[in-house]
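A short write-up of the structure that comes next.
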Amino acid sequence: MKKLSVKIWMLLLLFIAITIVFLVIFTNFLYEELYVEDKETSMVEIAENLQKTYKGGAVTNEFIKQTEDFNRFSDVEVFTVRNPRELSACLPFDVDYETLIGHEERAQLIEGEAVIKRGYEKRFNREVVSVIYPLVDENRLEGIIYVYVPLTKMTEMASKDVIFLLITVSFLLLIMAWASLKTLQKVLVPLDKLKLAANEMTAGKYETRVDIKSSDEIGELAKTFNLMATSIQEEDDKKRDFLSIVSHELRTPISYIKGYGEAFEQELVPEEKNKEIYTLIVQEANRMQKLTNDLLTLARSEQHQEMDITPLVLSEVVREVLQLVKTLADKKQISFTVTIDEETILRADEQMTKQILINILENAIHYSPVSSTIEIGNEMTMSETTIFIKDQGCGIAQEHLAHITERFYRVNKARSRIDGGTGLGLSIASQLIEMQKGKLVFTSQVEKGTTVYITLPTWGDSFL
């Protein structure tokens, strides 16, 4: 695979080759259009001026002498002859008469028309352009005015300045090469840094960053790469923390179950302690089961599982959820005060919505005192409703509110373990709400309780 620098150099060489070809074509065009045309125009003017001095009749010696005198001071060669066949004797190169003036050219001359010809001449080793004007009197060709000039070669035109041109062109090529090299370095060196950084990222060095301070697209690419690297590093740290916390959470119940199991195997447990230990083993097994279920739910929510969005009657969903958490609430003699609008229709996934309410209500029950009340209600807006769940628990300090939806975050770790919480319930609820384009907000006062606000979209009046 060719490197980018090689491709760019090949592209530059192609541009240079195209430029040279264009310059050659353009130079030939200028040579033809300017130099040759200028010579032809000048020769035509000379021939026309001499033709105007012809008064008719036979061409006199005086007219021929006048032409010869003009020839001495002209930069072109001018001859006047009475018989066109005499012209070859006046020219400094051998030419056949039929070649010089053919039948068609002679017919033109008799008609009073001029003849312009261009051809290669070996003696001069260059092209010769000639202008032939007739001297006609009463349809009789009395003579011709012949003007010719060997065309200067382009190499001869530039011979005086060729050294200067070569030096100038060489200098310009050096400047172009230096500028191209610097430009390539400016573009390719940062790209090479990005390549090395990407290889290091592939090897697991997520702390890798690139130091590119340019303000062009390469600089923007470097900033994007650094942001990506930061994001990957944060996710990797979260993954490590997550695995560490999960292993820690599982270690405790596994240790209990393993320890009591070995104690039973070695018959070290007194018979009167059997029921107590069986209860502890079941309790720890339930904790493991709840933790694995919560982890599975969290994994599904992170994979953005497909949602079945349907119209849900909020009051019915709340009643079903309260039946599911009633056993847990009855253990602490907690009652519910429900003021849900019976006409509120949610635009949501039923299973996700129930899971959200279950997680938040279980959390409220865990942290509420015995014989307290939990209020549940909602407030409608144009296209959404806000469900509030207010408990009378211990409350949450302000420094903890911003973190309570993080995985395994606990305000009171010891109490959470006793109550059987995994620290994943609010995190799962937050992700499920976000998937349904809703919002989750907490307000709390220590020793007075916490209120959770869940905002979800509704179907609106048109559905009813």
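In plain terms, the chain from residue 205 to residue 49 could stretch by 47.1 nm, reckoned as 0.36 nm per residue minus the Cα-Cα distance.
Modelled label positions at residue 290 and residue 168, each set 7 Å beyond Cα in the direction of Cβ, lie 9.0 nm from each other.
Which shape class, rounded, prolate or oblate, goes with region 335-391 when its Cα gyration tensor gives a ≥ b ≥ c as root eigenvalues, a/c under 1.5 marks rounded, and past that a/b bigger than b/c marks prolate? It comes out oblate by the Cα gyration axes. Other residues with beta-carbon under 11 Å from the beta-carbon of residue 277 carry, at +1 per Lys or Arg and -1 per Asp or Glu, a net charge of -2. Given a 1.4 Å probe and the protein chains as shown, residue 400 ends up with an accessible area of around 50 Å².
Note on residue 220 and residue 58: their simple-model spin labels are 9.1 nm apart, each label 7 Å out from Cα toward Cβ. Counting only heavy atoms of the protein chains and using a 1.4 Å probe, residue 313 has close to 40 Å² of accessible surface.
With the simple model of a label 7 Å out from the Cα in the direction of the Cβ, residue 268 to residue 328 spans 3.5 nm.
Each Lys or Arg adds one and each Asp or Glu subtracts one; over the other residues with Cβ under 10 Å from the Cβ of residue 320, this totals 0. Oblate is the label for region 359-405. Its Cα gyration tensor axes, ordered a ≥ b ≥ c, give a/c of at least 1.5 and b/c at or above a/b. The order of the peptides 133-142, 187-196 by mean Cβ neighbours within 10 Å, most packed first, is 133-142, 187-196. Shape verdict for region 40-80, please, from the Cα gyration tensor: rounded (a/c under 1.5), prolate (a/b greater than b/c) or oblate. Verdict is oblate for region 40-80.
The values are calculated or read from the model by the stated rules, or taken from the named source; none is laboratory data. Model, not experiment: these values are computed from the prediction. Please note: Cβ atoms are built from the backbone with ideal geometry, for glycine as well, and neighbour counts cover all protein chains shown. Remember, those area values only see protein heavy atoms, side chains included, never the ligands or the DNA or RNA. Shrake-Rupley method; radii C 1.70, N 1.55, O 1.52, S 1.80 Å.
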